[in-house]
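Trainee: Structure provided below as structure tokens; questions to follow.
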């Protein structure tokens with residue numbers, strides 16, 4: 001087994017829950033993982049520090065102290081009962097690629113910082129991307145007052161972790177001194193596997209809108225009210241779910257019917273609609289179409305429709321020139337360069353406020369993620385590291 005895969009196996013030992021991988025932001029398991037990652041960074045010849053919000057940063061410095069810096073990284077926090085590769089792969093692979101560049105004696109004309117963020121998943125606190133927001137200079141100090149399920153504030157957790165909540169605003173990189181942010185990540189989807197490709201170039205991180213929809217009709221007996229006289233809220237809700245457009249996805253992920261009895265016509269239904277697309281105009285057009293369809297169905301079924309927006313995130317494009325560099329490196333490794341958007345969110349969404357971003361996906365089995373069954377293949381991981389190494393070696397210093 002390669003050193004990279006051994007390290008990914010080792011990280012799974014750092015968990016807040018025995019028998020599964022659960023590593024929440026600023027938890028004891030996060031502290032253990034941070035120390036483990038620091039050790040690997042030092043082995044790769046990097047100097048190591050931790051910033052005010054708990055991000056572990058390893059630097060491979062170049063000869064010119066005033067040179068700009070290229071940022072690599074991902075996150076080491078997880079969801080509950082997670083897989084071992086989401087986030088962790090990007091950190092471990094970046095360390096491996098930097099180590100190989102150093103061992104090859106390549107003198108890069110810029111500094112390289114590897115960042116191991118700790119709050120990409122947003123599981124413990126009702127905030128997310130704390131590490132990358134701080135690095136990008138867009139951290140909201142109000143987030144420090146958020147509390148977890150045990151009533152512990154983010155401020156207190158940071159202090160206990162060894163961070164400095166009052167210095168969170170100072171964790172930002174200087175705009176104009178950063179070349180770019182690059183991230184390797186498992187695809188979390190099935191396209192690369194279906195097309196038998198080990199890696200792919202990410203074009204954009206999809207924007208997302210989440211609606212909370214309420215439909216009010218009239219409850220009644222399931223056996224005695226004729227169909228043509230019903231004001232059935234659930235029937236109206238589920239009929240609008242179909243939507244088909246390339247690169248756009250729409251999901252009804254949760255439905256609650258009230259009163260919720262098997263023999264009663266639902267009088268009220270609440271459901272979510274999650275719409276994602278790599279371009280905001282596409283997403284907004286789809287939302288308008290969904291609203292039009294829902295309104296037409298509601299009118300036809302004589303029910304009342306209300307919608308509210310519970311989440312909104314703009315799409316973030318990966319820099320075309322970085323996409324081209326990843327594609328050239330993939331081609332040099334002998335593979336077809338597949339371009340595809342990311343349907344999931346990443347730290348790059350925050351880092352784009354600081355600098356150009358680029359992402360490389362690696363194939364994962366079945367597209368399964370956020371699950372113990374999450375699997376990548378050692379050969380694919382090796383290809384991804386070699387691609388990143390090529391990109392690092394030929395990355396422009398300006």
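The values are calculated or read from the model by the stated rules, or taken from the named source; none is laboratory data. Quick caveat: nothing in here was measured; it's all calculated off a predicted structure. Neighbour counts run over all protein chains shown; Cβ positions are idealised from the backbone, glycine included.
Trainee: When residues of the stretch 13-29 are filtered for being touching a residue at least 60 places away in the same chain (Cβ under 8 Å) and either within 27 Å of residue 101 (Cβ to Cβ) or not in a loop (DSSP other than H, G, I, E, B) (or both), how many remain?
Mentor: 1
Trainee: Please state which of the following conditions residue 279 fails to meet, knowing it meets all the rest: (1) within 30 Å of the chain's Cα centre (by Cα); (2) at pLDDT below 85; (3) more than 13 Å from residue 213 (Cβ to Cβ).
Mentor: With respect to (1) within 30 Å of the chain's Cα centre (by Cα); (2) at pLDDT below 85; (3) more than 13 Å from residue 213 (Cβ to Cβ), residue 279 is out only on (2).
Trainee: What are the residues in the stretch 284-296 that are surrounded by 15 or more Cβ atoms within 10 Å (Cβ to Cβ) and closer than 14 Å to residue 214 by Cβ, if any?
Mentor: Scanning the stretch 284-296 gives 291, 294.
Trainee: In the list 363, 386, which residue meets the criterion of being over 30 Å from residue 265 (Cβ atoms) and in contact with a strand residue (DSSP E or B) (Cβ under 8 Å, 6 or more places away or on another chain)?
Mentor: Only one candidate passes the filter, namely 363.
Trainee: Moving on to the next point. Quick test of your reading of the structure: residue 261 fulfils all but one of (1) closer than 30 Å to residue 86 by Cβ; (2) surrounded by fewer than 22 Cβ atoms within 10 Å (Cβ to Cβ); (3) modelled with pLDDT of 90 or more. Name the failing condition by number.
Mentor: (1)
Trainee: Within the stretch 213-223, does at least one residue satisfy the condition of being more than 30 Å from residue 328 (Cβ to Cβ), surrounded by fewer than 19 Cβ atoms within 10 Å (Cβ to Cβ) and modelled with pLDDT of 85 or more?
Mentor: Within the stretch 213-223, one or more residues are more than 30 Å from residue 328 (Cβ to Cβ), surrounded by fewer than 19 Cβ atoms within 10 Å (Cβ to Cβ) and modelled with pLDDT of 85 or more.
Trainee: Among the listed residues 367, 345, identify the single one that is within 14 Å of the chain's Cα centre (by Cα), surrounded by 16 or more Cβ atoms within 10 Å (Cβ to Cβ) and either touching a residue at least 24 places away in the same chain (Cβ under 8 Å) or closer than 28 Å to residue 113 by Cβ (or both). Write out each step before concluding.
Mentor: Working: 367 fails: within 14 Å of the chain's Cα centre (by Cα).
The conditions single out 345.
Trainee: Continuing with the same structure: Just wondering, is there one or more residues in the stretch 75-96 that are assigned to a strand (DSSP E or B), under 22 Å from residue 367 (Cα atoms) and modelled with pLDDT of 95 or more?
Mentor: Checked the stretch 75-96: at least one residue is assigned to a strand (DSSP E or B), under 22 Å from residue 367 (Cα atoms) and modelled with pLDDT of 95 or more.
Trainee: Taking the stretch 367-390 on its own, how many of its residues are in a helix (DSSP H, G or I), closer than 18 Å to residue 187 by Cβ and touching a helix residue (DSSP H, G or I) at 6+ places or on another chain (Cβ under 7 Å)?
Mentor: So the count comes out to 7.
Trainee: Here is a list: 330, 357. Which entry is within 20 Å of residue 276 (Cβ to Cβ), in contact with a helix residue (DSSP H, G or I) (Cβ under 7 Å, 6 or more places away or on another chain), in the same structural domain as residue 70 (by TED's automatic domain parsing) and modelled with pLDDT of 95 or more?
Mentor: Checking each option against the conditions leaves just 357.
Trainee: Here's something else I'd like to know. Scan the stretch 30-43 for residues that are crowded, with 20+ Cβ neighbours inside 10 Å and either within 18 Å of residue 96 (Cα to Cα) or free of Cβ contacts under 8 Å to residues at least 60 places away in the same chain (or both) and report the count.
Mentor: Here the count works out to 5.
Trainee: Follow-up question, since we're still on this one. Out of 312, 299, report the one residue that is without any contact (Cβ under 8 Å) to a residue 12 or more places away in the chain and surrounded by fewer than 20 Cβ atoms within 10 Å (Cβ to Cβ).
Mentor: Answer to the selection: 299.
Trainee: In the stretch 120-167, what residues are assigned to a helix (DSSP H, G or I) and within 19 Å of residue 73 (Cα to Cα)?
Mentor: 130, 131, 132, 133, 134, 135, 136
Trainee: Continuing with this model, one more query. Can you go through 179, 184, 192 and tell me which one is in a strand (DSSP E or B), out of contact with any helix residue (DSSP H, G or I) (no Cβ under 6 Å at 6 or more places or on another chain), surrounded by 16 or more Cβ atoms within 10 Å (Cβ to Cβ) and in contact (Cβ under 8 Å) with a residue 24 or more places away in the chain?
Mentor: After applying the criteria, what remains is 179.
Trainee: For the stretch 131-141, indicate whether the set of residues that are farther than 22 Å from residue 39 by Cα, assigned by TED's automatic domain parsing to the domain that holds residue 183 and either touching a strand residue (DSSP E or B) at 6+ places or on another chain (Cβ under 7 Å) or without any contact (Cβ under 8 Å) to a residue 40 or more places away in the chain (or both) is non-empty.
Mentor: Yes, the stretch 131-141 contains a residue that is farther than 22 Å from residue 39 by Cα, assigned by TED's automatic domain parsing to the domain that holds residue 183 and either touching a strand residue (DSSP E or B) at 6+ places or on another chain (Cβ under 7 Å) or without any contact (Cβ under 8 Å) to a residue 40 or more places away in the chain (or both).
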